[in-house]
Amino acid sequence: MADIDDYNALKDADSTRMQILNAAMACLIRHGPKHTNISTVASQAGVSRPTVYAHFESLGDLLQEAIARGTDLLSDSIEAHARNFDDVGDRVVAAFIHGLALADQVDVLRRPMSFELPTTDRDIIPVEGIDAARKVLEQLIGDELGTLDEANEKAETAVRLFLSLAAYKRPESAQDGIEGYVRRVALPALGIKA
């Protein structure tokens, strides 16, 4: 049986790991991935470089986990907001609108729009993004997503539509136009009757 010292050491390690992840997310927001490195994350977290390496094998592993954590937080926020709507179509529209509002407010969500896209189509949308979108759609749509392959295809479609809308520079007055676009284009593409 583990004693209290083992528990405290484990708790402190988890706390330090979260501190480093939060610092990595802050550095991504502030500097973007090209200018985020172990030294900037360590400095932001108030720990040493060896401490960062004690928790993460590489900068790539750290940034991947930080981005995944940010994606989870975004997904949770979108799901929570969309649950306020009874109709499936209204939930999906609300999810798009809320996600776009978050993308406008959170710099790290805008930054991917300014990156050079990879040359192959498969690399444009990471698997984690499709997985996160599928999980959100499962909560919003339920069984109407179909098989896993159909659900993944709908998730990728939703991500592509979201990214195209997020990249579009729009005035505040465009809100009604965005809602109409989501109803006309996204809902049918996702197999939802408006």
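The values are calculated or read from the model by the stated rules, or taken from the named source; none is laboratory data. These figures come from a predicted structure and were not determined experimentally. Cβ sites come from the backbone with ideal geometry, for glycine too, and all protein chains shown count toward neighbours.
Restricting the search to the range 65-82, which residues are in contact with a helix residue (DSSP H, G or I) (Cβ under 8 Å, 6 or more places away or on another chain) and free of Cβ contacts under 8 Å to residues at least 24 places away in the same chain?
H81, the sole residue that qualifies.
Report yes if V108 is among the hydrophobic types (A, V, I, L, M, F, W, C), touching a helix residue (DSSP H, G or I) at 6+ places or on another chain (Cβ under 7 Å) and at pLDDT 80 or above, otherwise no.
When the stated conditions are applied, V108 does not pass them.
Need the failing condition index for M113 against (1) assigned to a helix (DSSP H, G or I); (2) at pLDDT below 80; (3) surrounded by 15 or more Cβ atoms within 10 Å (Cβ to Cβ); (4) in contact with a helix residue (DSSP H, G or I) (Cβ under 7 Å, 6 or more places away or on another chain), just the number.
Here M113 clears every test but (3).
For every residue, the table says whether it meets (1) assigned to a helix (DSSP H, G or I); (2) modelled with pLDDT under 85; (3) basic (K, R); (4) not assigned by TED's automatic domain parsing to the domain that holds A80.
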{"residue": "R134", "(1), (2), (3), (4)": "yes, no, yes, no"}
{"residue": "E138", "(1), (2), (3), (4)": "yes, no, no, no"}
{"residue": "G142", "(1), (2), (3), (4)": "yes, yes, no, no"}
{"residue": "K154", "(1), (2), (3), (4)": "yes, no, yes, no"}
{"residue": "T157", "(1), (2), (3), (4)": "yes, no, no, no"}
{"residue": "L161", "(1), (2), (3), (4)": "yes, no, no, no"}
{"residue": "R170", "(1), (2), (3), (4)": "no, yes, yes, no"}
{"residue": "Q175", "(1), (2), (3), (4)": "yes, yes, no, no"}
{"residue": "V182", "(1), (2), (3), (4)": "yes, no, no, no"}
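Regarding L187, is this residue within 21 Å of F85 (Cβ to Cβ), modelled with pLDDT of 90 or more and either in contact with a Gly (Cβ under 9 Å, 6 or more places away or on another chain) or outside the structural domain of H98 (by TED's automatic domain parsing) (or both)?
In short, yes.
I'd like to check which helices (runs of 4 or more DSSP H) are fully inside the range 36-100 and have at least 3 residues that are among the small types (G, A, S) and buried (at least 18 other Cβ atoms within 10 Å of the Cβ).
Correct list: 59-82.
Each row is one residue, and each column tells you yes or no for (1) without any contact (Cβ under 8 Å) to a residue 24 or more places away in the chain; (2) outside the structural domain of I178 (by TED's automatic domain parsing); (3) hydrophobic (A, V, I, L, M, F, W, C).
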| site | (1), (2), (3) |
| --- | --- |
| D61 | yes, yes, no |
| D86 | yes, no, no |
| R91 | no, no, no |
| A95 | no, no, yes |
